[in-house]
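What follows is calculated from the coordinates using simple rules that are stated; it is not laboratory data. If you're wondering where the values come from, they're calculated on a predicted model, not measured in any experiment. Cβ placement follows ideal geometry from the backbone for every residue including glycine, while neighbour counts extend to all protein chains displayed.
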Amino acid sequence: MSYKSNIPNGLTSIRFIGGPLFFYAFVNDLFLVSLFILVLSGVTDALDGYMARKMGTSSDRGAYLDVTADFVFIIICFLAYIIQGWYDPLILVLIITMFLLFVATSGLEKPVYDPLGKYLGAYLMLMIFISLIFPEAVIRQVLLILLILICLTSVMTRLFFFMRRSEGL
């Protein structure tokens, strides 16, 4: 195993560090620092997969690490938002439930097709970004409503495709 194979995983690991840094910066009203950490995390998220494919070092372990880093980063960001009163704590229940649903259905021999589920993490990162750039309560409410709609649609499409696949067996 060459050092090259560790580069994408190293980039992914930055998000594990970025989460607590974002939390600290945000709860201490260092919004510009929070924004920088968020953008850096987004860049590492885009770069790690690209570099793994480019260098031919893609792996299931790396993909799992990437999803886990995203999940941890997102949870920590929303925890900071909750502490500051920007979102209701129940948003964490929704995010964790959706992540567990993703893990449960992705662990199947043939994953359940979900055209929206794969974009949920990207929407959550966008939601964190927009909430930080436009901190007005009405914008956060619209973002929350969109999140709920995306989650409901995702659950329904997973259920629909799971039932269709079961009928075909």
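Some values worked out for this structure:
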quantity: The range 28-62 - residue that is small (Gly, Ala, Ser) and either outside any helix (DSSP H, G or I) or free of Cβ contacts under 8 Å to residues at least 12 places away in the same chain (or both) and, of those, farthest from Arg15 (Cα to Cα); calculated: Gly56
quantity: Number of the exception - Val93 against (1) within 24 Å of Leu132 (Cα to Cα); (2) in contact (Cβ under 8 Å) with a residue 24 or more places away in the chain; calculated: (2)
quantity: Boolean, Arg61 is basic (Lys, Arg), buried (at least 20 other Cβ atoms within 10 Å of the Cβ) and out of contact with any Asp or Glu (no Cβ under 6 Å at 6 or more places or on another chain); calculated: no
quantity: Matching residues, the range 1-27, being hydrophobic (A, V, I, L, M, F, W, C), more than 29 Å from Leu79 (Cβ to Cβ) and assigned to a helix (DSSP H, G or I); calculated: Ile7
quantity: Residues that are under 18 Å from Leu126 (Cα atoms) and either surrounded by fewer than 16 Cβ atoms within 10 Å (Cβ to Cβ) or of a type in the set (D, E, K, R) (or both), drawn from the range 28-39; calculated: Phe31, Leu32, Val33, Phe36, Val39
